[in-house]
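Engineer: Here it is: the structure, laid out below.
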Amino acid sequence: MSHHIVQARELSYAYPDGQQALQNLNFSIHHGESVGVIGSNGAGKSTLLLHLNGVLKPTAGEVRIGDFPVCKATLTEVRRTVGLVFQDPDDQLFMPTVYDDVAFGPINMGLPATEVNALVVHALATVGAGYLAQRPPYRLSGGEKRAVAIAAVLAMSPSILVMDEPSAGLDPAARRRLINLLKGFNHTKIIATHDLDLVLDLCSRVLVMREGRIEADGSPEAIFADAELLKRCHLELPLSLQRR
């Protein structure tokens, strides 16, 4: 499957209770871009991300990964290409040990045991969590769970990494390790976050969401220089810019 473009075309989604969460979204994200998705609570960020991996199905419109629509027939390939790290690691970790959780994806890809082991070891080492391999996930701290959830996605060798609030709950040292890790991931990154300083560190482009729509699409410099936009979307400047 081609993975050079992530594209939404007139993407809309309503929850079963009728709440309209996404309304006519249109955008294209090209290979290698690092894109931050920002907005206040309830703006639609998490709902959008769940469409990129096929967890949710649009009410109208479509998402395409390369030349293919995200649909039931393409889900296996889409999920190999698009790695999704959920906002809550407990939604992702369910096996008896950390090793088993990270191995789950590669095993289900049908890879041989030696290759699975190599992928697990490398992924855990990448996030600095090799020492956790035999620990049960429920015994981990919040930061450790987040690191393992990221490792579980990296073990699938995705070309597109989609992350929902990846720095939430991390202490400063763990947050810096995460930023350095993501800087070394040279493929496409799509990151929904309230951590606007992380956006400044990692992203060359920002989508601003408001009430299920894309309110603005531009560089971090342009977005954060627009005081009226920030006010309208209930956002503030990143802390690093507030101190200037």
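Just so it is clear, none of the values below were taken in a lab; they were calculated from the coordinates. Just so you know, these numbers come straight off a predicted model, no measurement behind them. So basically every Cβ, Gly included, is an ideal-geometry build from the backbone, and we count neighbours across all protein chains shown.
Engineer: Looking at GLN7, GLN19, GLN92, which is the one that is in contact (Cβ under 8 Å) with a residue 40 or more places away in the chain, surrounded by fewer than 19 Cβ atoms within 10 Å (Cβ to Cβ) and not hydrophobic (A, V, I, L, M, F, W, C)?
Structural biologist: Checking each option against the conditions leaves just GLN7.
Engineer: Are any residues in the stretch 187-205 closer than 18 Å to LEU48 by Cβ and touching an Asp or Glu at 6+ places or on another chain (Cβ under 9 Å), and if so, which ones?
Structural biologist: Of everything in the stretch 187-205, those that are closer than 18 Å to LEU48 by Cβ and touching an Asp or Glu at 6+ places or on another chain (Cβ under 9 Å) turn out to be THR188, LYS189, ILE190, ILE191, ALA192, THR193, HIS194, ASP195, LEU196, CYS203, ARG205.
Engineer: Looking at ALA129, is it farther than 30 Å from HIS30 by Cβ and out of contact with any Cys (no Cβ under 7 Å at 6 or more places or on another chain)?
Structural biologist: So ALA129 fits the description; yes.
Engineer: Still on this structure, please answer the following. If I ask for residues that are among the aromatic types (Phe, Trp, Tyr) and out of contact with any Leu (no Cβ under 9 Å at 6 or more places or on another chain), which ones from the stretch 22-75 would you list?
Structural biologist: If the condition is that a residue be among the aromatic types (Phe, Trp, Tyr) and out of contact with any Leu (no Cβ under 9 Å at 6 or more places or on another chain), then PHE68 is the only one that fits.
Engineer: Kindly provide the set of residues from the stretch 95-118 that are crowded, with 22+ Cβ neighbours inside 10 Å and within 20 Å of THR81 (Cα to Cα), ordered by number.
Structural biologist: ASP101, VAL102, ALA103, GLY105, PRO106
Engineer: Something else now. Using beta carbons and a limit of 6 Å, which pairs, at least six apart or on different chains, have the first residue in the stretch 56-74 and touching a residue at least 24 places away in the same chain (Cβ under 8 Å) and of a type in the set (Lys, Arg) and the second one in a strand (DSSP E or B) and surrounded by 14 or more Cβ atoms within 10 Å (Cβ to Cβ)?
Structural biologist: Every condition considered, the pairs that remain are ARG64/GLN7.
Engineer: In the stretch 1-43, what residues are assigned to a loop (DSSP other than H, G, I, E, B), closer than 19 Å to GLY218 by Cα and touching a Gly at 6+ places or on another chain (Cβ under 8 Å)?
Structural biologist: ALA43
Engineer: Kindly establish whether ARG139 is charged (D, E, K, R) and surrounded by fewer than 22 Cβ atoms within 10 Å (Cβ to Cβ).
Structural biologist: Criteria met by ARG139.
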